[in-house]
Amino acid sequence: MTRILGSLLLVAAAGAVTTGAAPVPKGSPAATATPLGQVIPAPASAAPYGAPYRLDPGTRIGVDPTREGRRAGDQLAALLRPATGYRLPVTTHGAAGIRLRLAKGPYGAEGYRLDSGRWGVTITANEPAGLFHGVQTLRQLLPAAVERRTPQPGPWLVAGGTIKDAPRYAWRGAMLDVSRHFFGVDEVKRYVDRLALYKFNKLHLHLSDDQGWRIAIDSWPRLATYGGSTEVGGGPGGYYTKADYREIVRYAADRHLEVVPEIDMPSHTNAALASYAELNCDGVAPPLYTGTDVGFSSLCVAKDRTYDFVDDVVRELAALTPGRYLHIGGDEAHSTSHEDYVAFMDRVQPIVAKYGKTVVGWHQLTAAKPAPGALAQYWGLDGTSAAEKEQVAAAARNGTGLILSPADRLYLDMKYTKDTPLGLAWAGYVEVQRSYDWDPASYLPGAPASAVRGVEAPLWAETLSTPEQQEFMAFPRLPGAAELGWSPAATHDWDRYKVRLAAQAPRWDALGIGFYHSAQVPWPAA
Ligand code: TNX
């Protein structure tokens, strides 16, 4: 009821705005501001009141006189200039319609407060990350046309009121599989742009698998030059030079995403085994692999040389990684005995620690002894055996943190329905409601809610080879993952969520995102 009243007030107020610019025509749909809470992920609280702010050609962006303050202002200006056509100077003094302020308050490391009214919009945060997330909220409060890169008519209204917002979880991840098919630097940046809009803060890159090794390692150069030379289906593959990789890390960091690199071990290693015969127990390099089977390859657990290799790779990768985490895979080691698996993880986890990083592993790591502080990424599904779930839950009770990526909820490579032209279906079909409608805190029986560090949506690429295909599988499920990671449990409600989700469609159109038009979502008429 309050929500409806709020929107009515906004509509009324929008018609009455007089800022000196041309009057807003009454009844024109563009003349009403997006309701304050109509954002994904849902903010922790949104209290609409008063008149909206209207950007005009004289709007200035006021920032703190610090490097970080200026950078946040420059990013906002770059976002708004093309569609508004306004100059939007970024200034450290004098009046400004939009203010970005770094100031101590109850916002946490990533939270922010947004105040808006006829007088302007102010976003306040403790940290630059909070300002950035607040800017993403402001972006979604503006009309979808703001995403276009050519001048649009406006008007540019921001509903009046106050949003106080902070994330539920510290880990809000998305994973790209760049191994099964290779995606270049620009393609990764494009996905990062999508993630930033929804307040994700981790970009997990699956950098090695049977079909391709994608990161240059100076001490083992053939990993990339040979091991990276193909992909599923036999295409040319590719790899990131260290300069490429640093560019991805920088681009992500500018958008407050931390890159989590993964080298999957001891299985999923055919590309490495093919590149160096000495890594094989029998000393014979297998051919490169371009199929889609899993679990057939293994590093030679008994050979010391294997750990020289792991040490070199982890050392070079850690040096490229400003973030705290390094993912060592550990899934589907079907051709490694349990004893060998445990022995391998006992030797590899200390190497990660030696180079100053914290281990993340797929949840099979809990069959070994996870290192202190390690995180396990759970990718089971409803049908996973009770024993396997309990193994993970027991580790969680023992202090291992959990990242939840249930395959039948958050695997973005699962088909939506039987008719989806792309993707796999081993975890079933995952429609939009199924993907969204669960609670991370109570998801895994026997795991304490406090063990859950957050959620992550992986996008495996056996069937995906273009950004358009990635986006079709990611949208509209990716924003749901973002909301599970960010929004308080109290805001979780499919019937309301689907309305907010539908309202994103014009924004995706403006951004050139081709999404799956799920029949579960009340999309606006085209
Ligand atoms: C399982 S999830 C895998 C991947 C596949 C994916 C396909 C996980 C840790 N392993 O190797 O690409 O399924 O959906």
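The values are calculated or read from the model by the stated rules, or taken from the named source; none is laboratory data. Because the structure is a prediction, the values reported are computed rather than measured. Glycine also receives a Cβ, built like all others from the backbone with ideal geometry; neighbour counts cover every protein chain displayed. All accessible areas refer to the heavy atoms of the entire protein, side chains included, with ligands and DNA or RNA removed. Shrake-Rupley method; radii C 1.70, N 1.55, O 1.52, S 1.80 Å.
So that you can scan it fast, the table gives a plain yes or no per residue for (1) within 17 Å of the chain's Cα centre (by Cα); (2) within 22 Å of residue 374 (Cα to Cα); (3) of a type in the set (Ser, Thr, Tyr):
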| site | (1), (2), (3) |
| --- | --- |
| 412 | yes, no, no |
| 421 | no, no, no |
| 433 | no, no, no |
| 439 | no, no, no |
| 443 | no, yes, yes |
| 458 | yes, yes, no |
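When 109, 103 are checked against the criterion of being within 30 Å of the chain's Cα centre (by Cα), within 17 Å of residue 162 (Cα to Cα) and surrounded by fewer than 19 Cβ atoms within 10 Å (Cβ to Cβ), 103 stands alone in meeting it.
Could we say that residue 165 is modelled with pLDDT of 95 or more, more than 16 Å from the ligand (Cβ to nearest atom), more than 30 Å from residue 109 (Cα to Cα) and of a type outside the set (Val, Ile, Thr) here? No: the conditions fail for residue 165. Of all residues in region 202-254, how many are open to solvent by 30 Å² or more (accessible area, probe 1.4 Å) and over 19 Å from residue 309 (Cα atoms)? Within region 202-254, residues that are open to solvent by 30 Å² or more (accessible area, probe 1.4 Å) and over 19 Å from residue 309 (Cα atoms) number 12. Based on this model, can you work out whether residue 75 counts as under 23 Å from residue 196 (Cβ atoms), open to solvent by 40 Å² or more (accessible area, probe 1.4 Å), modelled with pLDDT of 95 or more and part of a loop (DSSP other than H, G, I, E, B)? The answer is no for residue 75. In this entry, residue 182 passes the filter for residues that are within 15 Å of the ligand (Cβ to nearest atom) and either assigned to a loop (DSSP other than H, G, I, E, B) or in contact with a Ser or Thr (Cβ under 7 Å, 6 or more places away or on another chain) (or both). Does region 494-515 contain at least one residue that is in contact with a helix residue (DSSP H, G or I) (Cβ under 8 Å, 6 or more places away or on another chain), in contact (Cβ under 8 Å) with a residue 12 or more places away in the chain, among the hydroxyl-bearing types (Ser, Thr, Tyr) and buried (at least 19 other Cβ atoms within 10 Å of the Cβ)? Yes, region 494-515 contains at least one residue that is in contact with a helix residue (DSSP H, G or I) (Cβ under 8 Å, 6 or more places away or on another chain), in contact (Cβ under 8 Å) with a residue 12 or more places away in the chain, among the hydroxyl-bearing types (Ser, Thr, Tyr) and buried (at least 19 other Cβ atoms within 10 Å of the Cβ). I need a count of the residues in region 280-298 that are buried (at least 22 other Cβ atoms within 10 Å of the Cβ) and away from the ligand (no atom under 16 Å from the Cβ). Qualifying residue count, region 280-298: 0. Every listed requirement among (1) open to solvent by 10 Å² or more (accessible area, probe 1.4 Å); (2) under 21 Å from residue 348 (Cβ atoms); (3) within 14 Å of the ligand (Cβ to nearest atom) is met by residue 388 save one, (2). Here is the figure for region 322-356: residues that are of a type outside the set (Phe, Trp, Tyr), at pLDDT 95 or above and open to solvent by less than 30 Å² (accessible area, probe 1.4 Å) total 11. Can you tell me which residue in region 226-272 is nearest to the chain's Cα centre (by Cα), limited to those that are within 16 Å of the ligand (Cβ to nearest atom) and assigned to a helix (DSSP H, G or I)? Residue satisfying both the conditions and the ranking: 232. Scanning region 273-298 for residues that are assigned to a loop (DSSP other than H, G, I, E, B) and either hydrophobic (A, V, I, L, M, F, W, C) or under 27 Å from the mean Cα position of the chain (by Cα) (or both) returns 281, 284, 285, 288, 292, 293, 294, 295, 296. Within region 299-321, the set of residues being open to solvent by 10 Å² or more (accessible area, probe 1.4 Å), in contact with a Cys (Cβ under 9 Å, 6 or more places away or on another chain) and either part of a strand (DSSP E or B) or not charged (D, E, K, R) (or both) comprises 301, 302. From the list 314, 352, 359, the lone residue that is in contact with a Leu (Cβ under 8 Å, 6 or more places away or on another chain), within 16 Å of the ligand (Cβ to nearest atom), among the aliphatic types (A, V, I, L, M) and closer than 20 Å to residue 209 by Cβ is 359. When the test is whether a residue is in contact (Cβ under 8 Å) with a residue 60 or more places away in the chain, surrounded by fewer than 19 Cβ atoms within 10 Å (Cβ to Cβ) and over 20 Å from the mean Cα position of the chain (by Cα), residue 426 does not pass it.
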